[in-house]
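Just so it is clear, none of the values below were taken in a lab; they were calculated from the coordinates. Bear in mind that the values here come from a model prediction, so they are computed numbers and not experimental data. All Cβ positions, even for glycine, are placed from backbone atoms using ideal geometry, and neighbour counts span all protein chains on display.
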Amino acid sequence: MLCNLYPYFISETLCEVNNLWSEPAQLQEITTRSKFHTLLTMGKLELLQTLKKDDGRVWNVAWHPKGDAFASCGEDKSIRIWAKDMLGKWSNKFVLTEGHKRTIRQVAWSPCGNYLASASFDATTSIWDNHGGEFECNATLEGHENEVKSVAWSRSGQLLATCSRDKSVWIWEVAGDDEYDCGAVLNAHSQDVKKVLFHPERDLLASASYDNTIKLYRDDPSDEDWLCCGTLTGHESTVWSISFEGNGKRLASCSDDHTVKIWKDYPPGNPEGVATEDGDSTWKCVCTLSGEHTRTIYDISWCPQTGLIATACGDDAIRVFKEDEGSDSNAPSFSLLCAVDRAHNQDVNCVAWNPAVAGLLASCSDDGEIKVWNFVDT
Amino acid sequence: MSRFSGVLQLTDLDDFITPSQECIKPVKIEKTASSTGAKITIQEDGYFQIDEDGSAQKLQKVEITLSDCLACSGCITSAESVLVTQQSQEELLRIFEENKNLKLQDRTEDAKLIIVSVSIQPILSLAVRYSLSPSDCAAKLSQYLKQLGADMIVDMTIADDLALLESQKEFIRRYRATKSDGVKNILPMLASSCPGWVCYAEKTHGSYILPYIATTKSPQQIMGSLIKQWVGRSVEGRQIYHVTVMPCYDKKLEAARDDFFSKETQSRDVDCVITAIELEQMLVKDGISLDTLSNSTFSQPWLLKDDQEISPLLTRHIGSGSGGYADHIFKYAVKELFGEEIENLEYKNLRNPDFREAVLEKDGVVLLRFAIANGFKNIQNLVQKLKRGKSNYHYVEVMACPSGCLNGGAQVRPKDGTSVKELASKLEELYNSLPVAIPEQNELVKKLYDSWLGGQESDKSSAVLHTQYHAVEKIANAFNIKW
């Protein structure tokens, strides 16, 4: 059933979202946000399905590149693979256990969809092979001193990146059958590194840290090593997550400082005349979204299909932003399209737009639940 | 900027956690027994326990030594602070000063005999820094250290030779034990001279990796034994203060290991380690340019005779600038195990120039497979292969710093406009220009085996020239659990 094409559907539980949305208190709150050009509801998130409680918090959900399945992970040390059943409901197809001894913090599918990487607090990263629906753990990447916080694949699937509380970012090269060689150990951050993510089009790696910065890295061809080629400063507290725009020209980041920042790639020789160094792009903050979130923003997802940005927040809400029509790319403006204030009962840890089906969003929370949403324009 | 090798920086050494914040070493706090109700107040000059009757008692400060830190898995020690007090230029200068004063007071017999052992890599680093030839640089460095108060400056090549010879023999023992007796987990033999690597292996991989690490001491510690035990015997009861000049900070950690504290002399075999970059700082502080000093001599106190001063004449060993372990052991093994001679080892770069291998092949069969792995990344790949049983090496020369010891973490930094890589290749070039020393042909070493160690392969030489390693158990502690 993994190859089901996703039919648009709306028949599932729609309920609470709309109810919440129509409360007068909500409306009032939204109007005060007008400085961000927020109009009243320009869209809404409909809850399609709430998936059975796991044991303990769910840290992360990751869509399969085809968009017809997703993986979740969390405190129960297992990975669950979800896909649609005969009735078109998301249901748990596999539970992968015995890969890790502690919490699994993040899962990531390889671009080809045949491998799933899992990053765990047990200091290891496991690679699971998908053999026609059977998952087998065939490699374990060891080397981090302590908790691995995040794992990401490069576009080619030939590189993996991991990061840890040990403050380092590691790059792994796929070296053949179930062999992964350490290609670089990068010690650019001065604190815990929360997230790693590759650029969608080239081998540029970004990492976000407790040291309030985002760092960028690229291959150094003269040295067969990697180097830090950019530091993005501006957040006033931990940067929890990052997400590239579909074309890779911009990066969105979210932080413990309750803001979202948009960074734009200014390559050497850019017409705007932004100075660059050593032939590397300058990534400049062109927009800060503040005032919307009331707590730490734990995750951010920039939809490659619709351009919508979703955020997962410690105030239990999920918010969706859209860039305004005709916004200047050097000083863009974004508007809040909708906010689901009690999207979950506790912190929302992760939001992820489906890569194939526009508007489909998965979220997960400390409350142990995974929810699947559909964004609709109104 | 830290001067530890990258390996140790990653293992929390030089970490942002300082001992005062998160040290987990249990410490007995000396305070009077009292019933409940005592309070602790913080005042400007310390912590005070206030008893119920109102009396205040100052609480002792927790003192953490470098060896406490080395034995602990908590934070290896961010102990730059600890290091700085025990292994610093200030400490060295204090000893020099103290000694000078004793001599001024005509109490020469109470003054220490200060011997400084110099390794080749920092001399080359300073030679490039001050545009001197290596031997000139050594002679002027000798002059500078004597001005400061050192009694003798000695060349460490003799200890390098001993370390190479012992490593060669150890390899043959391991190889034969594996082939004929089926002993497991002793090949590949891994180099033991880099303390950053050894410390990392102890803290991170423990019993998995330690059996593979050669038990042969590093040249620094062999020099320590030679100076404190052999030379010490002949100095008529004077206490020796032994300083080594080294290319990296990790050597300070090595000198501080409990294994290298001698009960016999009640002192460490190496009392203080000073590095190239610290010497440069001292020279700058004193307003001295090394090239302006006159040349002085090196001593050979192990000859145990009066006429032992010579002009320094620096040499190198074949192979890498980290001591040439892989080359020496390979050549020796080819001869000893297969009765052949080879002139030059040809290395093939693997993933990068810092991971290269050399093989001995006969009739399509690989008889020996050696490698040099420098830098953390390559160490990592080596260790992981070893753990998964996928390593087919017989010997690996492992060094924590990229490019090995010539590029040690505490070598003088490149001046503006030069890259680290350019400087490293300049140092390599300079190293390769030196005349080659062949350990087997060192007559002095042969004499030392006979007179000091009771012959080669004797119990005494294995006791004096070998050491052991200790896996550090990970301690789970609440501080270690963070999101």
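General observations
- With a simple spin-label model that places each label point 7 Å from the Cα along the Cα-to-Cβ direction, the separation between A:Gln191 and A:Arg295 comes to 1.9 nm.
- Per residue of peptide A:142-148, the mean number of Cβ atoms on other chains within 10 Å of the residue Cβ is 5.
- Per residue, chain A reaches -1000 deg cm²/dmol at 222 nm when only DSSP H runs of four or more residues are counted, each adding -39500 (n - 2.57).
- Modelled spin labels at B:Ile310 and B:Leu434, positioned 7 Å past Cα toward Cβ, are 1.3 nm from each other.
- Peptide-level mean, for A:162-169, of C-beta atoms on other protein chains within 10 Å: 2
- Cα gyration tensor, the protein assembly as shown - rounded (a/c under 1.5), prolate or oblate: prolate
- In a DSSP loop and with at most 10 other Cβ atoms within 10 Å, the GluC sites (Glu not before Pro) in the range A:299-378 are A:Glu325.
- At q = 0.13 Å⁻¹ the log10 of I(q)/I(0) for the range A:38-377 amounts to -0.95, computed by Debye summation with a single uniform scatterer per C-alpha, solvent ignored.
- Taking Lys and Arg as +1 and Asp and Glu as -1, the other residues whose beta-carbon sits under 10 Å from that of A:Arg319 total -3.
- A crude spin-label estimate for the pair B:Lys447 and B:Leu367, with each label 7 Å from Cα along the Cβ direction, gives 3.6 nm.
- Using the empirical formula 2.2 N^0.38 Å as the baseline, the Cα radius of gyration of the range B:135-209 reaches a ratio of 1.67.
- Simple point charges give the picture: +1 on the Cβ of Lys and Arg, -1 on the Cβ of Asp and Glu, and for the protein assembly as shown a dipole about the Cα centre of about 780 debye.
- Reachable lysines from B:Lys140, criterion Cα separation under 22 angstrom, eight or more residues apart if same chain: B:Lys100, B:Lys285, B:Lys415, B:Lys426
- For the peptide B:382-388, the mean number of other protein chain Cβ atoms found within 10 angstrom of a residue's Cβ is 3.
- Derived value for the range B:273-343: Kirkwood hydrodynamic radius 16.5 Å. Basis is the mean of 1/r over every pair of different alpha-carbon atoms.
- Cross-link reach list, lysines versus B:Lys58, counting only Cα pairs under 17 Å and skipping chain neighbours closer than eight places: B:Lys28, B:Lys31, B:Lys39
- If R0 equals 51 Å, the separation of the Cβ atoms of B:Glu90 and A:Arg202 corresponds to a calculated FRET efficiency of about 0.55.
- According to the calculation over all Cα-Cα pairs in the range B:346-483, the P(r) per 5 Å bin from zero is 2, 7, 10, 12, 13, 15, 17, 13, 7, 3, 2, 0, 0 %.
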